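Only the coordinates and a few stated rules stand behind these numbers; no lab work does. Since we're looking at a predicted model, the values are computed, not measured. Note that we place each Cβ from the backbone using ideal geometry, even for glycine, and neighbour counts take in every protein chain shown.
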Amino acid sequence: GTRLYSDVFKEVRKIDPDVKLYVNETGIEGKENKESHDRIPKLLEIVRQMQSEGAPIDGIGVQAHCVSYYYPQGFYRQLEECASAVDEVAVTEYDFRNVDNTYAPEHLRDTLLATFSQPKATAFVIWGYQDSMHWRNSAPFYDSSWNEKPAKKMWDSMVNDEFKTKTEVVSDK
């Protein structure tokens with residue numbers, strides 16, 4: 001059951017009323033099509049059960065340890081399903097295993113766009129950035145000799161250009 005987890009969430013909220021509490025799930029990397037079965041229904045069943053037990057759940061974290069390159073709308077649909085049960089969603093662990101890096105920049109771009117197109121998305125965390133320090137030895141940004149990989153340029157472009165606010169204002173005193 002979920003009672004133990006619900007009790008832990010309640011205790012943590014007592015200890016720190018401002019902490020964000022997320023249920024974090026793996027195996028979420030997109031869907032081949034809208035009829036594809038995935039982990040989301042079972043995850044939402046767990047989240048809703050915990051909520052009915054009084055667990056203060058702020059969001060769902062997606063461990064996007066991707067090994068397949070599904071179309072981006074499939075990932076967006078999964079985020080949307082998660083967002084139906086909570087106030088926030090976040091990619092808490094992103095990586096993409098692509099041996100020759102052929103599709104890594106595009107996958108990162110598409111996953112970033114799908115994530116930040118979801119109004120309830122709050123974060124996108126890279127899970128390891130250098131191969132020798134990565135759990136799969138396949139980090140997104142640097143190989144084991146610290147040579148930059150193609151996805152790093154995409155990250156810089158998206159974060160520093162595409163998503164960056166370019167408005168300048170002058171405030172009063």
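Which one is right for this structure if Kirkwood radius over Cα pairs in Å is calculated from it: (i) 17.5; (ii) 14.6; (iii) 20.3? Label (i) holds the value from this structure. Positive end of the dipole of the chain (Cβ unit charges, origin at the Cα centre): among 151, 1, 75, the Cα lying farthest that way belongs to 1. Amide H contacts of residue 28: 63, 65, each under 5 Å away and 5 or more positions distant or on a separate chain (H built 1.01 Å from N in the peptide plane; Pro and chain starts excluded). Shown is the FRET efficiency for residue 146 and residue 99, computed with R0 = 22 Å from the Cβ-Cβ distance and rounded to the nearest 0.05: 0.70.
Magnitude of the charge dipole for the chain, about its Cα centre and with charges confined to Cβ atoms of Lys, Arg (+1) and Asp, Glu (-1), is about 180 debye. Summing Lys and Arg as +1 and Asp and Glu as -1 over all other residues whose Cβ lies under 13 Å from the Cβ of residue 86 gives a net charge of -3.
Taking each residue as 0.36 nm, the span from residue 153 to residue 171 lengthens on full extension beyond its C-alpha to C-alpha distance by 3.1 nm. Distant-in-sequence amide contacts of residue 85, defined by a placed amide H-H separation under 5 Å and a gap of 5 or more residues or a different chain, comprise nothing.
Here each label is just a point 7 Å from Cα along the line to Cβ, and for residue 106 and residue 19 those points are 4.2 nm apart. Loop-located trypsin sites (Lys or Arg not before Pro) in the stretch 13-60 (DSSP state not H, G, I, E or B) with no more than 15 neighbouring Cβ atoms inside 10 Å: 20, 34, 39.
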